[in-house]
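To keep things clear, I will list the structure first and then write my remarks on it.
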Amino acid sequence: MKIKECCTVESQECIAKGIYSMWISTKVIAKEAKAGQFISLFSKDGSRLLPRPISLCEIDREGGRLRIVYRVAGAGTEEFSHLKAGDEVDILGPLGNGFPIEEGKGKRVMLMGGGIGVPPMLETMKQLDAKKIAVLGYRDELFLNEEFEKNGEVYIATEDGSAGTKGNVMDAIRENDLEADVIFACGPKPM
């Protein structure tokens, strides 16, 4: 069930260069959301007709809150980066199918996230009842990696080699000889 809802920004912070973390208070969407789904945020600027899709990083059903972590990539996301606590934003969601969490139960699960594909893997990792391995790929500056470490085994890859394996998530998997029964992934097409 998807719904358009006027929501309130609870908090927002810059967590890496051009990467923002925002908690949004919702009346309905948080209760319906699943790991791996996304929401669409609407701009207040009438010249931007299409909403911006942003994946869900965390879901707080009991508190009626959603966390999104996004990269400023254009005028729409630049507008969102200036929102502060108390501001309102229209969102549509939850959208997408989400991850089939039940398929990982009791198995060895690998979560692969590359770039802005890292955030949706956090809620997925938290919900899994399994042996969890996260393989996270970054251009350079790390974000959310410490939160992943609280939920399972974590391997890092950076393009410049400043942390973990030099290269991408596939390089980190090969270098560490990682295997899994089930793989959940979100990231760029080559991944």
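The values are calculated or read from the model by the stated rules, or taken from the named source; none is laboratory data. Keep in mind that this is a model prediction, so the values were computed, not measured. Counting neighbours? That spans all protein chains shown, and the Cβs are built from the backbone with ideal geometry, glycine included. For the accessible areas, the whole protein counts, side chains as well, though only heavy atoms, and no ligand, DNA or RNA atoms are used. Shrake-Rupley method; radii C 1.70, N 1.55, O 1.52, S 1.80 Å.
Structure values in brief
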{"item": "Residues located in the range 90-144, provided they are surrounded by 21 or more Cβ atoms within 10 Å (Cβ to Cβ), under 16 Å from the mean Cα position of the chain (by Cα) and assigned to a helix (DSSP H, G or I)", "result": "119, 120, 121, 122, 123, 124, 125"}
{"item": "Qualifying positions in the range 3-49 - farther than 28 Å from residue 111 by Cα and without any contact (Cβ under 8 Å) to a residue 24 or more places away in the chain", "result": "46, 47, 49"}
{"item": "Residues within the range 168-184 that are touching a Leu at 6+ places or on another chain (Cβ under 6 Å) and either assigned to a loop (DSSP other than H, G, I, E, B) or surrounded by fewer than 15 Cβ atoms within 10 Å (Cβ to Cβ) (or both), tallied", "result": "0"}
{"item": "Residues of the range 24-36 satisfying the condition of being of a type in the set (Gly, Ala, Ser) and not in a helix (DSSP H, G or I)", "result": "25, 33, 35, 36"}
{"item": "Subset of the range 5-38 that is under 12 Å from the mean Cα position of the chain (by Cα) and of a type in the set (Gly, Ala, Ser) - its residue that is most open to solvent (accessible area, probe 1.4 Å)", "result": "36"}
{"item": "Within the range 150-172, tally of residues that are under 22 Å from residue 106 (Cβ atoms) and either of a type in the set (D, E, K, R) or touching a residue at least 24 places away in the same chain (Cβ under 8 Å) (or both)", "result": "4"}
{"item": "Hits in the range 37-72 (condition: assigned to a loop (DSSP other than H, G, I, E, B), at pLDDT 95 or above and among the hydrophobic types (A, V, I, L, M, F, W, C))", "result": "42, 72"}
{"item": "Matching residues, the range 39-63, being open to solvent by less than 70 Å² (accessible area, probe 1.4 Å) and within 26 Å of residue 185 (Cα to Cα)", "result": "39, 40, 41, 51, 52, 54, 55, 56, 57, 58, 59, 60"}
